[in-house]
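First comes the structure, then the notes that go with it.
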């Protein structure tokens, strides 16, 4: 087990071959990833780096100022903090190239939850899949292009989908006090309705 501590940061304990829910937040909850192209860059970066580092992504939801994902760690060499460092560094580099702002800090922190039993896994999976609905960005989760809800519906056997959907997530205490500004910003609406 690997343990990482930073001054003024939450404790991150890592266990290989275990499932985690992760939430990452931008600096001061700024909406750096407004618009379709920026969200595509963040989504592509997260998925590509997770795959390269052998993390098994099970669900994700990407927004203008935060993201959530659930993934299983690899058996070897898969420290969570290294995965997050790589995702944050690469996505910030790409965004700063787009904005011509080299060196700007984009990401602030991340929170993680080690998930070790089904009654913890299913409501969090349901939550990540329905997060765009939770934030009132779309009426149904599969309509949001920057999450895995449509893929989950298409590839998951119906009995397991029903099981996941039966778990309520309104009492979860995972951090998600972000307010995406999609409905207020016309340039962001094109991300949901091309």
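Each row is one residue, and each column tells you yes or no for (1) at pLDDT below 95; (2) crowded, with 17+ Cβ neighbours inside 10 Å; (3) over 13 Å from the mean Cα position of the chain (by Cα).
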{"residue": "58", "(1), (2), (3)": "no, yes, no"}
{"residue": "82", "(1), (2), (3)": "yes, no, yes"}
{"residue": "99", "(1), (2), (3)": "no, no, yes"}
{"residue": "105", "(1), (2), (3)": "no, no, yes"}
{"residue": "114", "(1), (2), (3)": "yes, no, yes"}
{"residue": "117", "(1), (2), (3)": "yes, no, yes"}
{"residue": "121", "(1), (2), (3)": "yes, yes, yes"}
{"residue": "128", "(1), (2), (3)": "no, yes, no"}
{"residue": "135", "(1), (2), (3)": "yes, yes, yes"}
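Is there a residue being under 21 Å from residue 43 (Cα atoms) and surrounded by 21 or more Cβ atoms within 10 Å (Cβ to Cβ) anywhere in segment 149-159? Among the residues of segment 149-159, at least one is under 21 Å from residue 43 (Cα atoms) and surrounded by 21 or more Cβ atoms within 10 Å (Cβ to Cβ), which makes the answer yes.
Residues in segment 60-76 that are assigned to a loop (DSSP other than H, G, I, E, B) and surrounded by fewer than 18 Cβ atoms within 10 Å (Cβ to Cβ): 74, 75, 76.
The C-beta contact set for segment 148-162 (first residue at pLDDT 95 or above, second residue part of a loop (DSSP other than H, G, I, E, B) and surrounded by 15 or more Cβ atoms within 10 Å (Cβ to Cβ), distance under 9 angstrom, 6+ apart or interchain) comprises 149/130; 150/144. Within segment 82-100, being out of contact with any helix residue (DSSP H, G or I) (no Cβ under 8 Å at 6 or more places or on another chain) and either free of Cβ contacts under 8 Å to residues at least 40 places away in the same chain or farther than 20 Å from residue 128 by Cβ (or both) holds for 82, 85, 89, 92, 93, 96, 97, 99, 100. Scanning segment 15-48 for residues that are assigned to a helix (DSSP H, G or I), crowded, with 20+ Cβ neighbours inside 10 Å and in contact with a helix residue (DSSP H, G or I) (Cβ under 6 Å, 6 or more places away or on another chain) yields 39, 42, 45, 46.
The values are calculated or read from the model by the stated rules, or taken from the named source; none is laboratory data. All values reported here derive from a predicted model rather than from experimental measurement. FYI the Cβ positions are ideal-geometry reconstructions off the backbone, even for glycines, and counts take in every protein chain you see.
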